[in-house]
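Report on the following structure.
The values are calculated or read from the model by the stated rules, or taken from the named source; none is laboratory data. Since we're looking at a predicted model, the values are computed, not measured. No Cβ is skipped: glycine too gets one built from the backbone with ideal geometry, and neighbour counts run over all protein chains shown.
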Amino acid sequence: MNRKLPVIIAGTNCLSGVNSWAVQLRSAMADHPRYDVRTLYVGPEAATNADIAVQTLQEAHETVRDMAPVVVVPNYVWSLYLTGFEPGVRCVGMCHADSDEQYYRPLSWYEPAIAKFIAVSKECDERLAKYVSFRAQDIVTLPYGVCIPSSLNRTYQTEPLRLIYAGRVTQPQKRVWDFVPLVELLLRAKVPFMFDIVGEGDEFAPLQQVLRARVPAADVFFHPRVPHAAMAAKWLEHDIFLQVSDFEGTSVSMLEAMAHGVVPVVTAASSGIAGVIDPGDNGFVVPIGDMAAMAKVIAQLAGDQSLLADAGRAAYRTVQVYSMDLYARKFARILDEVVAVDENVDYQKRYGIFSPTHPLLVQRQLIERQRLEFDELNQRLVKRLLKGGLKRWRRSKSQPGSSNKQAA
């Protein structure tokens, strides 16, 4: 039986759409005939949450190296891209968010070690291409896939509306402090609602304390991180998914919510919204930071249950094209291309004869030179040992009485 090619998806034990995506992709490709998808987490709390758990980056590098031939998806574990210079290791560069700092710049730094890039939205594809224009042909747009129920069996209610945010409770990118004025505006407008905030992050406790102090009458409830397998039931208990981010890639939690008929009411994040949400049909979009506009949309839905239900069913229909099974097939085709990539890249042709040498290429050349020198030293040592052994054997044969001793 032929060995399946390992595909290692790296991460850490943190709450993120990247980890949710990895877990679902691993399940969807469990029976794939060519690829064996596994998750690898790095850090002290990784042991129970991944197929492979290591404590340090050095262990992660050694694990990948020892599994070659292998395809590795380092995600945000950036130093793992250096394994792309190891024999038999191919790297896939995932662009998960529309961010210079978080993805475009790091991916451009590690570009020489990357066989193919996957961008999770059209916007991410176009902006990444500006950073690595000479690799534009190696960038593929592939929005996330999520698990979708075969049918939508749920109810909607407006007395009260059931709101949910599920994700990292942080201010950078997620702008969770915008929930404070939103809750105040909903109370002022006398909109009946309950709001569940599910997740973890550095603003979890502070946000909870401030909301309790400023709006004690509001039914806002904070819940710790929920295992991914339990989220399907959680989605079905809510009517509206809230997201106030200033940038995303394509939000996994938004797609999962839509897959369960939860109506997305979101801000116009810089990526992954315009291609998914048709405002007024399958969801609603407001300007970033405009909580007055978001409160107005929520009040409108609270007063029109049929509009709420119609939007929820439209959301469910929309997300069919984002099914994880369909995604897994497309991802496997990209892996086929990665495996077929020529390992001996003509870097002069890629970068141009007058381009400065990329630091990682210098490092790769140094590694290759050292490997050749090491192999040459080994060969010399073996020859020297063989030659020395042959001389000793000849001397022993030429000594008087040697044949008699052997006969005895």
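Hey, could you check segment 40-73 for residues that are in a loop (DSSP other than H, G, I, E, B) and free of Cβ contacts under 8 Å to residues at least 24 places away in the same chain and say which is surrounded by the fewest Cβ atoms within 10 Å (Cβ to Cβ)? Restricting to residues being in a loop (DSSP other than H, G, I, E, B) and free of Cβ contacts under 8 Å to residues at least 24 places away in the same chain, the top hit is 48.
Here is a yes/no grid of residues against (1) among the aromatic types (Phe, Trp, Tyr); (2) closer than 30 Å to residue 90 by Cα; (3) in contact with an Asp or Glu (Cβ under 6 Å, 6 or more places away or on another chain):
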{"site": "131", "(1), (2), (3)": "yes, yes, no"}
{"site": "139", "(1), (2), (3)": "no, yes, yes"}
{"site": "145", "(1), (2), (3)": "no, yes, no"}
{"site": "165", "(1), (2), (3)": "yes, no, no"}
{"site": "171", "(1), (2), (3)": "no, no, yes"}
{"site": "181", "(1), (2), (3)": "no, no, no"}
{"site": "184", "(1), (2), (3)": "no, no, no"}
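Against the numbered list (1) more than 28 Å from residue 135 (Cβ to Cβ); (2) in a loop (DSSP other than H, G, I, E, B), residue 76 comes up short only at (1). Considering each of 277, 298 in turn, give the residue that is buried (at least 20 other Cβ atoms within 10 Å of the Cβ), of a type in the set (A, V, I, L, M) and under 29 Å from residue 100 (Cβ atoms). None of the others qualify; the one that does is 277.
Looking only at segment 134-186, count how many residues are part of a strand (DSSP E or B) and out of contact with any strand residue (DSSP E or B) (no Cβ under 8 Å at 6 or more places or on another chain). Residues that pass the stated criteria total 0.
From the list 115, 97, the one residue that fits, being in a strand (DSSP E or B), in contact with a helix residue (DSSP H, G or I) (Cβ under 6 Å, 6 or more places away or on another chain) and either of a type outside the set (A, V, I, L, M) or surrounded by 18 or more Cβ atoms within 10 Å (Cβ to Cβ) (or both), is 115. Of everything listed in (1) at pLDDT 95 or above; (2) out of contact with any Ser or Thr (no Cβ under 7 Å at 6 or more places or on another chain); (3) in the same structural domain as residue 55 (by TED's automatic domain parsing); (4) within 30 Å of residue 257 (Cβ to Cβ), the single unmet condition for residue 123 is (2).
Here the helices (runs of 4 or more DSSP H) wholly within segment 300-408 that include at least 3 residues being of a type in the set (Asp, Glu) and at pLDDT 70 or above are 324-340, 359-398.
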